[in-house]
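Bear in mind these aren't lab numbers, they're just calculated from the coordinates by the rules spelled out. The model shown is predicted, which means the values in this text are computed figures rather than measured ones. When we count neighbours, we look across all protein chains shown, and the Cβ atoms used for this are built from the backbone with ideal geometry, even at glycine.
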Amino acid sequence: MTGLPAIEAAIWQQLARACHDRHHAWRTPALATVDAEGLPEARTVVLREVDAAQRRLWIYSDARAAKVAHLARQPQAVLLAWSPRLHWQLRLRLRVMLHTGGLALASRWARVKLSPSVGDYLSARAPGAPLDDGPTAPPAEERAHFAALEAEVLQIDWLELHRDGHRRARFDRHAACWLQP
Ligand SMILES: Cc1cc2nc3c(=O)[nH]c(=O)nc-3n(C[C@H](O)[C@H](O)[C@H](O)COP(=O)(O)O)c2cc1C
């Protein structure tokens with residue numbers, strides 16, 4: 001694969017694969033946000049859906065999580081993934097829209113509600129809340145604290161490590177170029 005359009009198509013193909021394949025390294029990228037003080041923060045998330053045509057990704061979260069507060073203030077974020085199998089690093093610049101209600105959220109919640117991960121969104125305690133008694137099983141709530149993050153990919157920075165020479169490229173919405181790795 002040599003041309004930029006082919007590489008960009010392959011990146012989206014791998015992203016789409018990653019959200020269905022538990023063993024794909026890109027299934028669990030790191031999402032970096034900026035907090036209210038302007039300090040960076042990063043955490044692992046699961047890639048839930050990929051829409052290559054719309055250049056959009058979906059991630060789920062507890063609505064009370066710090067990342068959701070960060071994104072409400074500063075919707076720009078970065079998603080970072082490395083695949084040792086592909087030897088590809090991906091750094092995606094995102095603009096994130098938060099869904100805490102509405103149809104897009106309801107349809108996704110209808111699916112999550114029936115899945116084993118439903119408990120992740122039913123805790124009476126917010127993520128990051130101090131636990132005086134240690135990690136005991138928290139009481140479940142009737143009300144779900146489910147949020148969906150719809151991320152528009154603004155820019156892709158792709159790096160391939162190869163013994164014959166590394167390659168790096170940047171893909172914007174309407175342009176692509178090679179970069180010195
Ligand atoms: C493999 C793995 C997958 C995770 N997936 C998610 C996820 O999809 N959504 C999420 O909100 N947190 C996920 N987490 C937990 C986050 O990494 C993080 O600890 C939690 O969301 C709190 O982050 P925050 O306080 O920065 O919002 C995952 C953690 C691991 C280790």
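In percent, how large is the relative contact order of the chain, given Cα pairs closer than 8 Å and 6 or more residues apart? Provide the component values of the computation, followed by the final result.
Numbers: 322 pairs, mean separation 38.2, N = 181.
With pairs under 8 Å counted, the relative contact order is 21 percent.
A compact globular protein would have a Cα radius of gyration near 2.2 N^0.38 Å; the ratio found for the stretch 116-166 is 2.02.
Basic side chains Lys and Arg get +1 at the Cβ, acidic Asp and Glu get -1 at the Cβ, and with that the dipole of the chain about its Cα centre reaches some 460 debye. Residues Lys113, Lys67, ranked from the fewest to the most other C-beta atoms within 10 Å, line up as Lys113, Lys67. A dipole drawn for the chain from +1 and -1 charges on Cβ atoms has a positive end, and of Leu154, Leu98, Ala69 the residue lying farthest that way is Leu154. Ranked by the mean number of other Cβ atoms within 10 Å of their residues, highest first, the peptides 41-50, 128-137 come out as 41-50, 128-137.
Could you put Ile7, Ile59 in order, starting from the residue whose Cβ has the fewest other Cβ atoms within 10 Å? Each step should come with its number before you reach the end.
On the way: Ile7 19, Ile59 22.
Least to most surrounded, the residues fall as Ile7, Ile59.
Over the chain, all Cα pairs binned in 5 Å intervals from 0 give whole-percent P(r) values of 1, 7, 15, 19, 18, 15, 11, 6, 4, 2, 1, 0, listed from short to long.
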